[in-house]
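S.K.: If you scroll down you'll find the structure; I have some questions about it.
Values quoted throughout were computed directly from the atomic coordinates according to the rules given, and no laboratory measurement underlies them. Computed from a predicted model, the values in this text were never measured in an experiment. Glycine also receives a Cβ, built like all others from the backbone with ideal geometry; neighbour counts cover every protein chain displayed.
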Amino acid sequence: MTLAPHQFWQDLFAPGALTGDDAGGYLGHFPAALPDGRCIALPIRVLPGDGTQAVASLILNQASFAVADALADVLASRLAPFAPEVIVGVPTLGLGLADGVARRLGHRRMVALGTSRKFWYDEALSEPMRSITSPDQAKRVYLDPRMLPVLAGRRVAVVDDVASSGATLRAVLAVLARADVVPVAAGFAMAQGQGWAGALPPGMGFAAAIASPRLGLGADGRWRPQARD
């Protein structure tokens, strides 16, 4: 099946409707499966470098409401066993997901981290942050000091859109550690490869609604899952 760019992240395809080709590879998109077998079409994005490495991309704020809701449903159900009392949302694309997960868990609010420094923020409650999709855009992630009483002594789960290299997760955990907060779990709409695993401290839970591999370019021009990240 060939999809136009505007179709990505818009539909929940029936089980088996999206597959790789007969050669066991992928061309324009990767089918990411939900637990019930339905699939979301993710565009394949070539990473900077020699053109032989790629990832399947998910941009949550461009997804349809149906897709975003399905991802929040699954993630909330997978985080529920960790019994989080507060959801911490990671900017920017993790904030909407964190809101949806917190609502599904019956919470009255969530705590949003930020990348825009308000005048009352404390620089000590911040860390530099980068992402795999914006490698040249260094920014800082901040915890609003007014949120410290909301987090103190509570079971906290961090929610973001995609777990990939683990760099963002490391920055977020460092900020929370400055506030003496150790999350019980981290949850994501998608786990992209396995590079994030090294950022997860021992004993911290992990959950993702869907998963996609890192991809390598074959001699036939098709993308295939890499054995290792």
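S.K.: Calculated FRET efficiency, ARG45 and PHE65, Cβ-Cβ r, R0 22 Å, to nearest 0.05?
M.R.: The calculated FRET efficiency here is 0.40.
S.K.: Please arrange ILE210, ILE40, ILE59 by how many other C-beta atoms lie within 10 Å of their C-beta, fewest to most.
M.R.: Starting with the residue having the fewest Cβ neighbours, the order is ILE59, ILE210, ILE40.
S.K.: Collect residues whose amide H, placed 1.01 Å from N in the peptide plane, falls under 5 Å from the amide H of LYS139; neighbours closer than 5 in sequence don't count.
M.R.: MET129
S.K.: Okay, next question. Which of PHE206, PHE119, PHE188 has the fewest other C-beta atoms within 10 Å, and how do the rest follow up to the most?
M.R.: PHE119, PHE206, PHE188
S.K.: Work through the residues other than ALA177 whose Cβ is under 14 Å from its Cβ and net out their charges, Lys, Arg +1 and Asp, Glu -1.
M.R.: Net local charge, ALA177 excluded: 0.
S.K.: Right, something else. Which percent, nearest 5, of DSSP beta bridges in the chain are antiparallel?
M.R.: 50
S.K.: Springs between alpha-carbon atoms under 10 Å, Gaussian network over the chain: tell me which of LEU176, LEU217, LEU42 tops the mean-square fluctuations.
M.R.: Of LEU176, LEU217, LEU42, the Gaussian network model singles out LEU217 as fluctuating most.
S.K.: Output ³J(HN,Hα) for region 173-182: one whole-Hz value per residue in order, computed from phi by the Karplus curve 6.51 cos²θ - 1.76 cosθ + 1.60 with θ = phi - 60°, and x for Gly and Pro.
M.R.: Values per residue, Gly and Pro as x: 5, 5, 4, 5, 4, 5, 9, 6, 10, 10 Hz.
S.K.: Largest first, please: the extent of the C-alpha atoms of the chain along each principal axis, to the nearest Å.
M.R.: 55, 37, 33
S.K.: In whole Hz, with x marking every Gly and Pro, tabulate ³J(HN,Hα) for region 184-195 from phi via Karplus 6.51 cos²θ - 1.76 cosθ + 1.60, θ = phi - 60°.
M.R.: Each residue's phi maps through the Karplus curve to give 7, 7, 10, x, 9, 5, 9, 9, 9, x, 10, x Hz.
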